[in-house]
1. Would you mind checking which residues have amide H under 5 Å from Asp82's amide H? H placed 1.01 Å from N; only 5 or more apart, or other chain.
2. On a 0 to 90° scale, report how tilted helix 2-16 is relative to the longest principal axis of the chain, with both axes built from alpha carbons and the result rounded to the nearest 10.
3. Please rank Ile130, Ile211, fewest neighbouring Cβ atoms within 10 Å first, as an exposure proxy.
4. What's the exposure ranking of Ile194, Ile223, Ile96, going from fewest to most Cβ atoms within 10 Å?
5. Which net charge results when you count Lys and Arg as +1 and Asp and Glu as -1 among the other residues whose beta-carbon is under 11 Å from that of Gly100?
6. If you compute P(r) over Cα pairs in 5 Å bins from 0, in percent for the structure shown, which of (i) 1, 6, 12, 14, 13, 13, 11, 9, 6, 4, 2, 2, 2, 2, 2, 1, 0, 0, 0; (ii) 1, 6, 14, 19, 19, 16, 11, 7, 4, 1, 0, 0; (iii) 1, 6, 14, 19, 22, 19, 12, 5, 1, 0 do you land on?
7. Give a residue-ordered list of calculated ³J(HN,Hα) values for segment 121-135 (Karplus: 6.51 cos²θ - 1.76 cosθ + 1.60, θ = phi - 60°; whole Hz; x for Gly, Pro).
8. What are the ³J(HN,Hα) values, in whole Hz, obtained from phi via the Karplus relation 6.51 cos²θ - 1.76 cosθ + 1.60 with θ = phi - 60°, for each residue of segment 188-205 in sequence order, with x given for Gly and Pro?
Amino acid sequence: MRQVILALALLLILVSIPVYARPVLEIPDEKFDFGSVASSSAVSHYFWFKSTGTDTVRIEKIKTGCTCALMPLERDWIAPGDSMKVGIFWNLKNQIGKTGRYPYILSNTGSEPLRLSLTAAVVTEMDQVIPVSVKPFKLELATTPTAKVDSIEFVLSNRTERDYQCMVVSFPIEQCEVVVPEQIKAKSEARGYIRLKPEFADKEFKSSLTIAYLGTQPGRISIPVRFQKYGAGTK
């Protein structure tokens, strides 16, 4: 009987202890490398912000450290158990060489700000990059009152004696279909393309395609992608 009374008393104590809701923000993949990028390019990537606590996460501010990088929010809160996709749009301007941006995310979680990491190797001649290069280094889709460019082919060149495997690691838009070759044979070329989906023919956008190549010298290449409308009533 004594043990039962003690157990009931302990249960009452535990029940009486208040349970405080606590917001927790997690960003699973907080680092992204764009690889080789042409100078004067604009690139983009999306991160997933996840609310894994028991209270709503409220994002107070995002500091990118430069007006060249923007991270707009569709809303500044994330309910418990929910997630939100947040894009960063980075204009590399006339930078050359290795560069990076390291945004801070301040929130109501009470912990240290979360830090993202974005890196790139900016070059002047993308068609000369080793071991794998690309041409053209920018993909410009467009429509005019009399013509349209709704698909563009690009060429990946392998300058080494070894084969390389290819895969898309970031193409954060739904407006286009993208096809990337699975392999580039040694000392040869392989072709890929992007194609504008018909249902998005009225909506302009800017984005980028990041391709990883896997082999003896693995790396990445990022290609800016843009769709613009020209003609009466457009800017």
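The numbers here are math on the coordinates, done by the rules we state, and not lab data. The structure presented is a predicted model; accordingly, all values stated were derived computationally and were not measured. Counting neighbours? That spans all protein chains shown, and the Cβs are built from the backbone with ideal geometry, glycine included.
1. Close amide H contacts, sequence-distant or interchain: Ser51.
2. Taking the Cα atoms of the chain, the angle to 2-16 is about 50 degrees.
3. Sorted ascending by nearby Cβ count, the order is Ile130, Ile211.
4. Placing the least packed residue first, the sequence is Ile96, Ile194, Ile223.
5. For residues surrounding Gly100, the net value is +2.
6. Checked against the structure: label (i).
7. Each residue's phi maps through the Karplus curve to give 10, 8, 10, 8, 10, 5, 7, 10, 5, 10, x, 10, 10, 9, 8 Hz.
8. Going residue by residue, I get 8, 10, 9, 10, x, 7, 10, 9, 6, 6, x, 5, 10, 6, 10, 10, 6, 7 Hz, with x marking Gly and Pro.
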